[in-house]
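Student: One structure coming up, written as structure tokens, with questions to follow.
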Amino acid sequence: MSEAIIGGLIGGPLGAVIALLGNYFVIRDTRWGREAAEEQKAAVTLLGHLRRMRAEGRSLTGWYEQEQFSEDCMTSVFAFRDRRVRMRLTASVQLITRAAMARHAHGDEARLAVTHLAAHDIRECLEARLDRKRLPKPDDEWTQANNDLHAFMARAQVEMEEALLALEVEQEAADPPDVQFGGAS
């Protein structure tokens, strides 16, 4: 009889502790699952904004378009709970809009280079976050563009113009000149 009483006294509190721990883990895992689902939905939305910008030729030429794109993207960015992820995604979105603003000074090719660079960084950050991995180190070019956008865009424009000239020279060398054989007519 005393063994049953002692067992009840020990088992009762121990059973309550086990039940509380079980409830804690269920609630924690539910919260993590909900956060992961929200982040996944935000990632899909953010990638959709980038795809729409690229596919529809949305060049963000006007102030309103730039603000709208930035607000749409930032709504998705704020769904991420990790501060470092939000900061990195915010920097890439701002890089895209700042490049759109500076395209008149540097040209569309430079804007496209920066947009591609920022979109690539966004995709890498989202992939790392959704896989629960550490954020990748930003590319050196991304860091240069983020630190001094105008210098990066000027250099990118010059590099693209040089590449186009080299391509034209290569094409001219590959195409033989038209030789006309003429005779007396």
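The values are calculated or read from the model by the stated rules, or taken from the named source; none is laboratory data. Being a predicted model, the structure only gives us computed values, none of them experimental. We place every Cβ from the backbone using ideal geometry, glycine too, and count neighbours over all the protein chains shown. To get the accessible areas, we keep the full protein, side chains included, count just its heavy atoms, and leave off ligands, DNA and RNA. Shrake-Rupley method; radii C 1.70, N 1.55, O 1.52, S 1.80 Å.
Student: Which residues, taken from the stretch 107-125, are farther than 17 Å from Leu164 by Cβ and more than 12 Å from the chain's Cα centre (by Cα)?
Tutor: Val114, the sole residue that qualifies.
Student: Could you please find all residues in the stretch 1-52 being at pLDDT 80 or above and open to solvent by less than 90 Å² (accessible area, probe 1.4 Å)?
Tutor: Glu35, Ala37, Glu39, Ala42, Ala43, Thr45, Leu46, Leu47, Gly48, His49, Leu50, Arg52
Student: Scan the stretch 104-133 for residues that are under 22 Å from Val44 (Cβ atoms) and not hydroxyl-bearing (Ser, Thr, Tyr) and report the count. Lay out the reasoning, then the answer.
Tutor: From the stretch 104-133, those under 22 Å from Val44 (Cβ atoms) are 115-133; that's our starting set.
Restricting the remaining residues to those that are not hydroxyl-bearing (Ser, Thr, Tyr) gives 116-133.
Matching residues across the stretch 104-133 total 18.
Residues are listed down the side, and each one gets a yes or a no for (1) open to solvent by 20 Å² or more (accessible area, probe 1.4 Å); (2) closer than 23 Å to Arg155 by Cβ; (3) in contact with a helix residue (DSSP H, G or I) (Cβ under 9 Å, 6 or more places away or on another chain); (4) assigned to a helix (DSSP H, G or I):
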residue: Glu65; (1), (2), (3), (4): yes, no, yes, yes
residue: Gln68; (1), (2), (3), (4): yes, no, no, yes
residue: Leu89; (1), (2), (3), (4): no, no, yes, yes
residue: Ser92; (1), (2), (3), (4): no, yes, yes, yes
residue: Ala105; (1), (2), (3), (4): yes, yes, yes, yes
residue: Ala110; (1), (2), (3), (4): no, yes, yes, yes
residue: Lys133; (1), (2), (3), (4): yes, no, yes, no
residue: Thr143; (1), (2), (3), (4): yes, yes, no, yes
